[in-house]
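Reading through the C-alpha cells given below for one structure.
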Amino acid sequence: MSDTRIAGLQGRRVWDSRGRPTVEAEVRLIGGAVGRAIAPAGASTGSGEAIELRDGGTRLSGRDVQHAVAAVNGEIAAALQGQDAADQAAIDRVLIALDGTPQKKRLGGNALVAVSMAALHAAANAVGRPLYAYLLGEQTEAVMPLPEIQIFGGGAHAGRRVDIQDFMIVAPQARSFDQALEWTAEVYRAAGALMEERGLLQGVADEGGFWPAFESNEAALDALMRAVERAGFTPGQEIAISLDIAASEFHQGGLYRLARDGRTLDSDGMTELLIGWLDKYPIVSIEDPLGENDADGLRRFTAAVGGRVQIVGDDFLVTNAERVKQAAALGICNAVLVKPNQAGTVTEAKAALDEARAAGWGAIVSARSGETEDVTIVHLAIGWGVGQLKVGSFARSERMAKWNECLRIEGALGSRARFAGRAPLKLGSQ
C-alpha cells in the first residue's frame with residue numbers, strides 16, 4: 001500500500017446544478033493517490049444542519065464560496081498536512097475541532113464535507129479499490145439500494161406550485177437495480193405524456209421531476225397513480241409511492257398552510273390529511289410528514305401509522321446521531337435520511353446511520369437539490385449497505401450520473417450484488 005499521509009490539499013470553486021457556486025476539494029497523498037469531492041447544497045434545509053459558508057454581499061446573490069475555498073486552501077490544508085487519510089475518523093476529528101462551532105459555520109459545512117469526502121476517496125485510491133469496495137472491506141456480497149425516484153417536484157424545488165416537495169416512486173418487486181430503473185423510466189415517460197395531454201406541464205423542477213400545474217396536492221397523487229397504470233404496472237404491487245412532505249416549509253406558528261389547497265390545518269388536521277392519503281394510495285414511505293418543530297405531532301403520527309409505513313426524519317434529524325437516538329427513545333420516526341453535508345463530515349454521517357440501525361430503523365442515503373456530477377453518495381450507500389437511495393428524478397445529468405454509477409457497480413459486482421427490493425411495507429427493514 002502506498003503512503004496514505006496527506007501531502008497537500010487544493011480547494012476550488014465549481015458550480016452546481018442550479019448554476020450556483022460550491023466547493024470542490026482535492027486531497028493528494030504522499031504516495032501519489034488523489035481524491036476529489038464536491039459539496040452539494042440544499043434548498044429545503046433543516047435548522048440544525050451544518051451551515052454552508054457563503055460570502056454574502058451582492059455578488060452572485062451573496063452565494064459565492066471564496067471564503068470557504070480559502071479555508072480549504074489555508075487553515076484546513078495546514079491542519080491536515082501529514083495526517084493519515086486512511087484514518088477517516090481522525091481526519092474528521094481534526095476538521096470538527098478546527099472549525100470549533102456546533103454547526104460548522106466558521107469554516108463552513110460545505111468546505112468540511114468536501115474535504116472529508118475527498119480524503120475518503122484518496123484513501124480508497126491509495127489501495128487501488130473503488131470507494132464502495134474500500135468501504136465494504138472483506139464483505140463478499142453487497143446490497144444494491146432500492147432507488148427512490150422523483151416523478152413530480154413541488155415545494156421549494158418547483159416554485160411551490162404544489163406544497164408537497166417530492167412525489168416519488170419505488171419499485172420494490174424489481175429483481176435488480178437495472179430493472180428498477182427500467183420500470184421507473186416507463187412511469188416517468190407516462191407521467192410526462194399525461195402532463196402534456198392535459199396541458200399541465202410547466203417545466204422541470206430542481207431535481208429533474210416534472211414541474212406540474214396541479215389544482216391540488218392530491219391531484220398529483222391521482223396523476224401519479226394514472227402514470228403507473230399507463231406504464232403497465234399495478235400501483236401498490238410492482239410500483240409504490242413515496243412522499244417527501246417537507247412540512248417545515250409550510251409550518252408557521254403551529255399551523256400548516258397548504259396554499260395549493262387553500263387550507264390551514266393544525267397538527268392533528270395535518271396528520272388526519274396524511275393518514276387519509278395513506279389509506280387511499282399505495283404510499284409506503286413518507287418523509288418529514290410534520291414540521292421539525294412539531295415533535296409531539298411527529299410522535300403521534302409515528303404511533304398511529306409507524307407499523308405500516310416508513311416514516312423518514314430529515315429536517316427533524318439532520319443526519320445527527322444524538323438526534324436519532326433521542327427520536328428513537330421518544331418513538332418519533334422509524335427511518336433516517338442520511339445526507340453527508342447535513343452532518344458536515346463522513347464520520348458524523350456514518351454515526352447517524354449506526355444509531356438508526358441500533359434502533360432498528362431503516363435508512364436512506366440522499367442527495368440534495370443542488371447537486372453536481374459527484375457520485376460519492378452512491379458509493380457510501382453501497383459500501384455502508386444502506387438499502388435505499390434517493391438522488392432526485394430520472395432526468396438531468398447530475399441525477400443520472402448517480403443512477404448510472406449504481407448500474408456500473410451492479411455490473412462489476414455480478415453475482416455478488418443483492419438488490420434491496422422487497423415487499424413494499426417492509427421498505428425500512430435491513
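The values are calculated or read from the model by the stated rules, or taken from the named source; none is laboratory data. Here the structure is a predicted model, which is why all the values come from computation and not from measurement. As a convention, Cβ positions derive from the backbone with ideal geometry for all residues, glycine included, and neighbour counts pool all protein chains shown. Heads up: the accessible areas ignore ligands, DNA and RNA and are worked out on the full protein's heavy atoms, side chains in. Shrake-Rupley method; radii C 1.70, N 1.55, O 1.52, S 1.80 Å.
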Restricted to pairs 8 or more residues apart or on different chains, the lysines in the range 299-430 with C-alpha atoms under 21 Å apart form a number of pairs equal to 9
Note, ³J(HN,Hα) from phi for the range 74-91, Karplus 6.51, -1.76, 1.60, rounded to Hz, x at Gly and Pro
x, 4, 5, 4, 5, 5, 8, 4, x, 6, 8, 5, 6, 9, 4, 4, 5, 4
Taking the alpha-carbon centre of each part, the distance from the range 372-400 to the range 266-337 in Å is 23 Å
Most mobile of Pro145, Pro130, Pro282 per a Gaussian network model of the chain (Cα springs, under 10 Å)?
Pro130
Give me P(r) over the range 1-109, computed from all C-alpha to C-alpha distances, binned every 10 Å, as integer percentages.
14, 44, 32, 10, 1
So the angle from the long Cα axis of helix 321-330 to the longest Cα principal axis of the chain, reported in degrees to the nearest 10, equals 30 degrees
Given the -39500 (n - 2.57) contribution per DSSP H run of 4+ residues, what per-residue ellipticity at 222 nm results for the chain, rounded to the nearest 500 deg cm²/dmol?
-11500 deg cm²/dmol
Counting only C-alpha contacts under 8 Å and six or more residues apart, can you give the relative contact order of the chain as a whole percent?
19 percent
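If you roll a 1.4 Å probe over the chain with all protein chains in place, what percent of the accessible area is carbon or sulfur? Mind dumping the intermediate values first?
Working: 7200 of 15440 Å².
Solvent-exposed carbon and sulfur of the chain make up 47 percent of the total.
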Could I get the Rg over Rh figure for the chain? Both from C-alpha atoms, Rh via Kirkwood, rounded to two places.
0.96
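Relative contact order, percent, of the range 78-213 when contacts are C-alpha pairs under 8 Å separated by at least 6 residues?
Dividing the mean separation by the residue count of the range 78-213 yields 18 percent.
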Relative to the longest principal axis of the C-alpha atoms of the chain, give the angle of the C-alpha long axis of helix 177-198, reported between 0 and 90° and rounded to the nearest 10°.
50 degrees
Enter the angle in degrees (range 0 to 90, nearest 10) between the Cα long axis of helix 217-230 and the first principal axis of the Cα atoms of the chain, meaning the one along which they spread out most.
90 degrees
In percent, what relative contact order does the range 21-103 have, based on Cα pairs under 8 Å that are 6 or more apart in sequence?
23 percent
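Between Asp3 and Ala78, what is 0.36 nm times their sequence separation minus the Cα-Cα distance? Round to one decimal in nm. The partial results should precede the final answer.
Numbers: separation 75, 0.36 × 75 = 27.00 nm, distance 1.84 nm.
So the extension gain works out to 25.2 nm.
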Straight distance only, please: which aspartates and glutamates reach the Cα of Lys104 with their own Cα at less than 18 Å, same-chain residues fewer than 8 apart left out?
Glu24, Glu49, Glu52, Asp55, Asp64, Glu75, Asp92, Asp315, Glu322, Glu348
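Could you compute the FRET efficiency for Ala295 and Ala97, with r as their C-beta to C-beta distance and R0 at 35 Å, rounded to 0.05?
E(calc), rounded to 0.05, equals 0.70.
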